[in-house]
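Structure, as structure tokens:
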Amino acid sequence: MKRQFLAVLIVTVLFATSVYGGERKIQLRWEELAGTVQGQKVQMVLPNGADVEGKVLAVEPQALQIKVSRASNTYEKGVHSIPRSQVSVLRFQGRSGPWRALGTAIGAGGGAAAGIPLSGPIRNEGNEELSAQVAVGFIAAGAAAGYFIGRSADRQVFVVSVVD
């Protein structure tokens, strides 16, 4: 019974990560751009074919100020203002979703389900302190594993199209 539950849980988590992952497309006006991309590491392809990647420092009325970390052709590393007319699509990676919290809770529950029965024989030998430590260790390890699995499931690529 426990193995069937564990198998269903693993399949559910794997299915959920494939459903929630991927690209999320957003259309924003220039005026709305600052709240979404400021401070983010973005990637964009400019009309001249230059591939630019860097951290958005500011969204100004007529330009996007960016600290370029990687670029082809036109731009070198450093701070540049890219004219508004050249910015049409931005891509960045962010986190969105409930999976960090759910993964932590599910992992802690799984750790408890595994750790408490495994600590029973230790308790029967008269070492209750070690038994409690083993159970708490399993719960903590399960919660940590669940958090990191959930964090990867929450990761999404946002594609922002700038509209007028």
Inset, instruction - Tell me which residues, restricted to segment 27-54, are touching a Ser or Thr at 6+ places or on another chain (Cβ under 7 Å) and assigned to a strand (DSSP E or B). - result: Gln27, Leu28, Asp51, Glu53, Gly54
Inset, instruction - Among what's in segment 74-83 and is surrounded by fewer than 16 Cβ atoms within 10 Å (Cβ to Cβ) and hydroxyl-bearing (Ser, Thr, Tyr), pick the residue that is nearest to Gly49 (Cα to Cα). - result: Thr74
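Conditions tested, residue by residue: (1) buried (at least 16 other Cβ atoms within 10 Å of the Cβ); (2) in contact (Cβ under 8 Å) with a residue 40 or more places away in the chain; (3) over 12 Å from Arg91 (Cα atoms).
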position: Thr36; (1), (2), (3): yes, yes, no
position: Gly39; (1), (2), (3): no, no, yes
position: Leu46; (1), (2), (3): yes, yes, yes
position: Gly49; (1), (2), (3): no, no, yes
position: Glu53; (1), (2), (3): yes, no, no
position: Ala58; (1), (2), (3): no, no, yes
position: Leu64; (1), (2), (3): yes, no, yes
position: Lys67; (1), (2), (3): no, no, yes
position: Ser72; (1), (2), (3): no, no, yes
Inset, instruction - Name every residue in segment 84-117 that is over 22 Å from Val52 (Cα atoms), surrounded by 14 or more Cβ atoms within 10 Å (Cβ to Cβ) and more than 24 Å from the chain's Cα centre (by Cα), in order of residue number. - result: Ala112, Ala113, Ala114, Gly115, Ile116
Legend entry - Which numbered condition Ser161 misses (of (1) modelled with pLDDT of 80 or more; (2) part of a loop (DSSP other than H, G, I, E, B)): (2)
Inset, instruction - Mind listing just one residue for me: the one in segment 118-129 that is in a helix (DSSP H, G or I) and of a type outside the set (A, V, I, L, M) and, of those, surrounded by the most Cβ atoms within 10 Å (Cβ to Cβ)? - result: Ser119
Legend entry - Of the criteria (1) within 17 Å of Val159 (Cβ to Cβ); (2) at pLDDT below 90, which one Leu64 fails: (2)
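The values are calculated or read from the model by the stated rules, or taken from the named source; none is laboratory data. Since the structure is predicted, the reported quantities are computational estimates derived from the model, not experimental observations. All Cβ positions, even for glycine, are placed from backbone atoms using ideal geometry, and neighbour counts span all protein chains on display.
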